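One structure is given here, and the rest of the page talks about it.
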Amino acid sequence: MFKSINEVRDFCIDNEVRLIDFKVIDLMGKWHHLTIPASRLSEETLENGIGFDGSSYGFLTVEKSDMVFKPDISSAFVDPFNSIPTLNMIGNIYSLGDETSRFEGDPRYVAQKAEKYMEHTGIADKALFGPEFEFYILDHISYVNSPNHMEVYLDSQQAYWNTGKKDIKNLGFKVHHKKGYHVDIPYDVNFELRNNMVLMLEEHGVGVKYHHSEVGGPGQLEIEVSFGGLIEMADKTMITKYIIKNEAINHGKTVTFMPKPFFGEAGSGMHVHMQLFKDGKPLFYDDCGYSHLSDTALYAIGGILKHAPALMAFTNPSTNSYKRLVPGYEAPVSICFATANRSSVIRIPGYAKSPDAKRFEFRPSDATCNPYLAYSALLMAMLDGIKSEIDPVKEGYGPYDINIFDLSEEERAQIKGLPKSLEEAADALERDYEFLLKGGVFSLGIINDQIKQIRRDALRVNITPSPMEYEMYFDL
């Protein structure tokens, strides 16, 4: 938004901005924030940064936890939720030592290095990412996890289980089980709220392609945004989630991006569309290629499919992710590619026919990821596939232009599957991470931190009894 501190000062004066709020991301992909009066922003703030405790952000391998973040004034946007005029800025993390230097584990720094590495290879000078945000808007969420009481209660105004509700005025028009796809009003009770979210996103520089009600009956929605560069789209991913969550709260609702909040209902993914360009020319189009894909595109697909199990540790880093990635819910579980096939890890949209629009999407990912790390890992896998000329056809990844679940068990057994749990994803990353280290993009420290974090999460879930286990085993 800004190129100099004088531009920031002028904007603050002209718009009566009184506070500046700094957003700093942790390893798990959550924003933390710290606020100062706008009058306190100075050249010294930009040069020396503001100190904080890095260990509280989950950076486990840091020997000395004192760090600083320096605001990136180009990332500034006006906060739409603060009654006092506030300007938000995203911070870059620095380590303190003999000299202040960029922290190798800063997810935003990883994304910046990934883009530079791409340019250094000479393969491409621009990578575009286009995520699709699926989420549930709910009217109630409560949960308890104590030694003698484990419970979660979710509710949604439009859910089918409320058809018989008598304690409040009931007007019917509830959405049946897994029947929410593109339902119109009055079934689509969140239409106006979703419109507000989309207009607010547009006002804050996040272009929206379209939005609609999704399959999940209890209030599942999708907002698909326009494409952007790696760092740009990672920033916009954080802004998108920030606006969606807070605008829902403003309307007395709440939002979850959990991949599988409801048993038996559709899960929420974050499919990521990808393209590469060089000198303004698209690299993924060939009129004579399979589905009009170039060899470069196929090699990029080959790289992603080869490294898919390891990628999952960054693109699907929650235990809940693997409750979505099961057969029967359009969620991909087979490591293969195809055109217009939603059961494959890589799908080539059949409607994207022009050279500039030609692309493919990675379907397993979900919004529990840290977008800087997830998008960077996907780019590194693509570049490795192109440099190594990994042919997905020769590797046996397809194309499978059929519903994979219609194949015989013997035929399906020949297709490799994604990790079935977070532990398996951690195992895969421990076996396959060299492609992430190229160009110094990822460090061993951040890879080890990620493995430690997701193993800790997996252990915490694994040792906790669930209500379903009581139903299955209590009377044995």
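The values are calculated or read from the model by the stated rules, or taken from the named source; none is laboratory data. In this text the structure is predicted, and so the values were computed from the model without any measurement. In this analysis, Cβ positions are derived from the backbone assuming ideal geometry, glycine residues included, and neighbour counts consider all displayed protein chains.
Being modelled with pLDDT of 95 or more and within 15 Å of the chain's Cα centre (by Cα) is not true of GLY207. Candidates in segment 66-121 are the residues that are farther than 29 Å from MET197 by Cβ, among the polar types (S, T, N, Q) and touching a residue at least 12 places away in the same chain (Cβ under 8 Å); of these, the one that is surrounded by the most Cβ atoms within 10 Å (Cβ to Cβ) is SER95.
Is one or more of the residues making up segment 215-224 over 23 Å from GLU247 (Cβ atoms), of a type in the set (A, V, I, L, M) and surrounded by 15 or more Cβ atoms within 10 Å (Cβ to Cβ)? So far as segment 215-224 goes, no, none of its residues is over 23 Å from GLU247 (Cβ atoms), of a type in the set (A, V, I, L, M) and surrounded by 15 or more Cβ atoms within 10 Å (Cβ to Cβ).
The selection criterion, being at pLDDT 95 or above, farther than 24 Å from SER408 by Cα and among the hydrophobic types (A, V, I, L, M, F, W, C), holds for ILE386.
Every test in (1) at pLDDT 95 or above; (2) surrounded by fewer than 20 Cβ atoms within 10 Å (Cβ to Cβ); (3) over 12 Å from ILE123 (Cα atoms) is passed by CYS288 save one, and that test is (1). Scanning segment 327-336 for residues that are of a type in the set (S, T, N, Q) and closer than 30 Å to LYS116 by Cα turns up nothing. Residues of segment 328-374 that are modelled with pLDDT of 95 or more, among the polar types (S, T, N, Q) and surrounded by 23 or more Cβ atoms within 10 Å (Cβ to Cβ): SER365, ASN370.
Residues in segment 1-28 that are of a type in the set (Phe, Trp, Tyr) and in contact with a Leu (Cβ under 6 Å, 6 or more places away or on another chain): PHE22 only. Within segment 330-338, the presence of a residue that is closer than 22 Å to LYS387 by Cα, within 21 Å of the chain's Cα centre (by Cα) and among the acidic types (Asp, Glu) is excluded. Going by the structure shown, is ASP235 touching a Gly at 6+ places or on another chain (Cβ under 9 Å), under 22 Å from PRO259 (Cα atoms), acidic (Asp, Glu) and outside any loop (DSSP other than H, G, I, E, B)? It is true that ASP235 is touching a Gly at 6+ places or on another chain (Cβ under 9 Å), under 22 Å from PRO259 (Cα atoms), acidic (Asp, Glu) and outside any loop (DSSP other than H, G, I, E, B). On the given criteria, is GLY216 outside any helix (DSSP H, G or I) and either touching a residue at least 60 places away in the same chain (Cβ under 8 Å) or not assigned by TED's automatic domain parsing to the domain that holds ASP356 (or both)? Here the answer is yes, as GLY216 does meet what is asked.
Of note, LEU383 does not satisfy the criterion of being surrounded by 12 or more Cβ atoms within 10 Å (Cβ to Cβ), over 30 Å from LYS116 (Cβ atoms), assigned by TED's automatic domain parsing to the domain that holds THR296 and under 21 Å from the mean Cα position of the chain (by Cα). Segment 87-157 holds strands (runs of 3 or more DSSP E) entirely within its bounds, and those carrying 2 or more residues that are modelled with pLDDT of 95 or more and among the β-branched types (Val, Ile, Thr) map to 140-146. Considering only residues in segment 162-198 that are under 26 Å from the mean Cα position of the chain (by Cα) and surrounded by fewer than 12 Cβ atoms within 10 Å (Cβ to Cβ), the one that is farthest from HIS140 (Cα to Cα) turns out to be HIS182.
Only a single item in (1) more than 20 Å from the chain's Cα centre (by Cα); (2) surrounded by 11 or more Cβ atoms within 10 Å (Cβ to Cβ) is not met by VAL441, and it is number (1).
Based on this model, can you work out whether SER294 counts as at pLDDT 95 or above and touching a Leu at 6+ places or on another chain (Cβ under 9 Å)? Spelling it out, SER294 is indeed at pLDDT 95 or above and touching a Leu at 6+ places or on another chain (Cβ under 9 Å). Taken as a whole, the condition of being under 15 Å from PRO309 (Cβ atoms) and more than 18 Å from the chain's Cα centre (by Cα) applies to LYS416. Of the strands (runs of 3 or more DSSP E) contained entirely in segment 1-79, those carrying at least 2 residues that are at pLDDT 95 or above and closer than 28 Å to VAL206 by Cα fall at 19-25, 31-37, 66-78.
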